[in-house]
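The values are calculated or read from the model by the stated rules, or taken from the named source; none is laboratory data. Predicted, not measured: the structure shown is a model, and the values here were computed from it. Cβ: placed from backbone, ideal geometry, glycine included. Neighbour counts: every protein chain shown. Surface accessibility is based on the protein's heavy atoms, side chains included, excluding ligands, DNA and RNA. Shrake-Rupley method; radii C 1.70, N 1.55, O 1.52, S 1.80 Å.
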Amino acid sequence: MRYNRILVKLSGGAIAGDKAWGFDPKSLNHIADEVLSLHKMGVQVSVVVGGGNIFRGELGEEWGIERAEADNIGMMATVTNSLMLRGVLKARGDTDVRVMTAIPMNTVAEPFIRLRAIRHLENGYIVVLAAGTGNPYVTTDYPSAQRALELQADALLAAKNGTDGIYTSDPRQDPAARRYRMIQYNSVIQQNLQALDQSAVLLARDHHLPIHVFDFDTVGVMCQICRGEDVGTLISDSGDVLV
Ligand code: UDP
């Protein structure tokens with residue numbers, strides 16, 4: 001096995017499915033199946049869920065809401081999604097699932113305590129990390145890299161919908177666009193490629209955390225990545241290699 005402990009970053013869009021907003025039961029079941037099959041393979045799994053299917057801080061301006069407050073609303077959205085994910089995971093198996101939040105809300109979830117989260121993973125529990133960093137002015141990309149490092153994950157798996165990796169240009173607009181099999185952190189940053197927020201890529205670069213960008217709609221893709229198969233795009237210290 002290439003990876004024994006990973007952190008999956010899922011955006012709220014993965015929960016909404018084809019709809020722009022809210023929850024799609026089919027998509028939630030797909031997420032649960034993918035996470036559970038990884039877990040069954042013996043991989044220790046933690047998940048950071050975004051909140052874009054409910055609210056994003058950047059929408060605050062449109063609503064006349066101060067940015068920091070809008071970000072608080074976004075963080076609450078990630079908690080709602082995390083609880084929904086726990087509910088669906090629990091309904092589909094007898095695996096222990098722990099939601100840990102960066103914003104304390106002790107009656108619905110545990111507070112995030114790094115060593116306790118590691119212990120949960122070692123015990124074979126799935127850990128869902130909610131409320132990002134607990135602070136405004138970032139999205140859930142940065143906390144995904146941060147938590148992956150804190151939990152000593154072998155890699156960050158950044159799930160995408162509608163694209164299977166990082167391309168030289170937008171494949172929907174440019175038929176000559178080519179996918180990178182591997183790309184260096186600095187190339188992603190310098191070319192401003194929209195894989196993850198730059199802050200997340202910088203943090204991963206400084207601590208040599210591999211990031212995989214892949215199409216989450218493909219069944220079994222995370223298992224393939226953990227087994228060492230060449231799927232999607234790997235962001236790492238190695239060179240830039242096109243498919
Ligand atoms: N957010 C925040 N701090 C964090 C993580 C998230 O303020 O540490 C807020 C931010 O407003 C963000 C929203 O929560 O827009 C939802 O997260 P994100 O945009 O990453 O959701 P996704 O696009 O992945 O669905």
Sequence order, the stretch 161-168: Karplus ³J(HN,Hα) from phi using 6.51 cos²θ - 1.76 cosθ + 1.60, θ = phi - 60°, Hz rounded, Gly and Pro as x, gives 10, x, 8, 10, x, 9, 10, 5
Cross-link reach from LYS160 to lysines, straight Cα distance under 17 Å and at least 8 residues apart if same chain, gives LYS9, LYS19, LYS26
Hey, can you find the accessible area per residue of the stretch 1-150 for me, probe 1.4 Å, expressed in square angstrom?
46 Å²
Sum of side-chain charges, ALA159 neighbourhood, beta-carbon under 10 Å (Lys, Arg +1; Asp, Glu -1)
-1
Over the chain, what is the relative contact order in percent, taking alpha-carbon pairs closer than 8 angstrom and at least six residues apart?
22 percent
With a 1.4 Å probe and all protein chains left in place, how much of the accessible area of the stretch 94-243 comes from carbon and sulfur atoms, in whole percent?
47 percent
Exposed loop sites here are GluC sites (Glu not before Pro) in DSSP loop states with at most 14 other C-beta atoms within 10 Å. What is the longest stretch of the chain lacking them?
67-228
Relative contact order as a percentage, the stretch 9-144, C-alpha pairs under 8 Å and 6+ apart, gives 26 percent
Hey, what did the stretch 28-103 get for relative contact order, percent, Cα under 8 Å, at least 6 apart?
29 percent
Ranking by accessible area, most exposed first, for PHE216, PHE112 with a 1.4 Å probe
PHE112, PHE216
